[in-house]
Amino acid sequence: MRLPRHRHRLAADAGLLVVAVAFAVPLVWLVLASLDTEATLRVRLPTSPTLHNFSAVLTDEITFTPMLNSLLICGGATLLTVVCAALAAYPLSRFRSRLTRPYLLTVLFSTCLPVTAVMVPVYGLFVQVDLIDTRYGTALFLAAAQLPFAIWLMKNFMDGVPKVLEEAAWTDGASWPQTLLRVILPLMGPGVAVVAIYTFIMMWGNFFVPFMLLLSPEQLPASVSIFTFFGNYGAIAFGELAAFSILYSTPVVVLYILISGRLGGGFALGGAVKG
């Protein structure tokens, strides 16, 4: 009996090793190619490591302006999504109705709709209301696209906050907006952080929506400008592409590091409710 179990464990370990290698190889190539001026698709050590690729892409036109556009669009859209999701999740979590479950199922179904299915009417609408080629219009659509799943996540986190804490706040004369802002949201800080990180990452890597709604090159985010490294006739600047990709992923990594402490702390409900 021990031999088959041992073989199964070895097979599982081998499978996990293959998956780990499949994830690690692209990252290794990214680091090595960013230090190689003659980088190709092959994973190889650079003959003479240099930071020339980084200095080549660290310009206003290639990196700084697109990154600023990405931060403005994704940051504003994330803030709008989190605020609207909290306001929508509160009544869904606290008030019972026969329409709650159908509404939640409708919200969940709307997350399955591909963006490409609605881009043509959205583009026509944006032209009519003069929102085309504007950063705030693009941020508004990105927020609307991520809002359904954000509401679903926020509602599930909000269900974990005891209602007795709200009743105590109401007894002290607090209104429901004050209860939401000063009692519920501080207690579900990790949940808000999860919604914010997930929303920001999904928007940060979105190429299709900014590509369709933004026309001016100076307003394009980094997710669109990255395609400038793909030249004509299949020519690709692999070294500069790798260097730009590392810079492009830095804000997401920094955001996760800053909020990881809150994610590991759990809900601050200890001692809040006495038995």
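Cβ-Cβ distance of PHE211 and ALA11, R₀ of 41 Å, FRET efficiency by 1/(1 + (r/R0)^6): the value works out to about 0.40.
Farthest toward the positive end of the dipole of region 68-222, out of ILE197, PHE126, THR106, is the Cα of THR106, where the dipole comes from beta carbon charges about the Cα centre. Put simply, region 21-118 fits an ellipsoid with semi-axes of 46, 19, 12 Å; these come from the alpha carbon gyration tensor as the roots of five times its eigenvalues, largest first.
Distances between placed amide hydrogens fall under 5 Å for ILE236 paired with GLY231, all partners being 5 or more residues away or on another chain.
Annotation note: trypsin sites (Lys or Arg not before Pro) in region 69-100 located in DSSP loop regions with a Cβ neighbour count of at most 12 within 10 Å are ARG96, ARG98. Karplus-derived 3J(HN,Hα) values for region 185-198, using 6.51 cos²θ - 1.76 cosθ + 1.60 with θ = phi - 60°, are 4, x, 6, 9, x, x, x, 5, 5, 4, 4, 5, 5, 4 Hz; glycine and proline are entered as x. Note that region 44-58 has calculated 3J(HN,Hα) couplings of 8, 6, x, 5, 9, x, 8, 9, 4, 4, 5, 5, 6, 9, 7 Hz, one per residue in order, obtained from phi through the Karplus relation 6.51 cos²θ - 1.76 cosθ + 1.60 (θ = phi - 60°); glycine and proline are x. Taken along the Cα-to-beta-carbon direction at a fixed 7 Å, the label points for THR40 and ALA22 span 2.6 nm. Residues in the chain average 60 Å² of solvent-accessible surface per residue, probe 1.4 Å, ligands and nucleic acids excluded. Karplus-derived 3J(HN,Hα) values for region 104-114, using 6.51 cos²θ - 1.76 cosθ + 1.60 with θ = phi - 60°, are 5, 5, 5, 4, 5, 5, 5, 6, 7, 6, x Hz; glycine and proline are entered as x.
Accessible surface of the chain, 1.4 Å probe: 69 percent of it comes from carbon and sulfur atoms. Length available on full extension from THR134 to THR59: 0.36 nm per residue minus the Cα-Cα distance, which gives 24.7 nm.
The values are calculated or read from the model by the stated rules, or taken from the named source; none is laboratory data. Because the structure is predicted, anything quoted here is derived from the model rather than measured. Don't worry about glycine lacking a Cβ; one is built from the backbone with ideal geometry, like all the others, and counts go over all protein chains shown. Heavy atoms of the whole protein, side chains included, go into the accessibility calculation; ligands, DNA and RNA do not. Shrake-Rupley method; radii C 1.70, N 1.55, O 1.52, S 1.80 Å.
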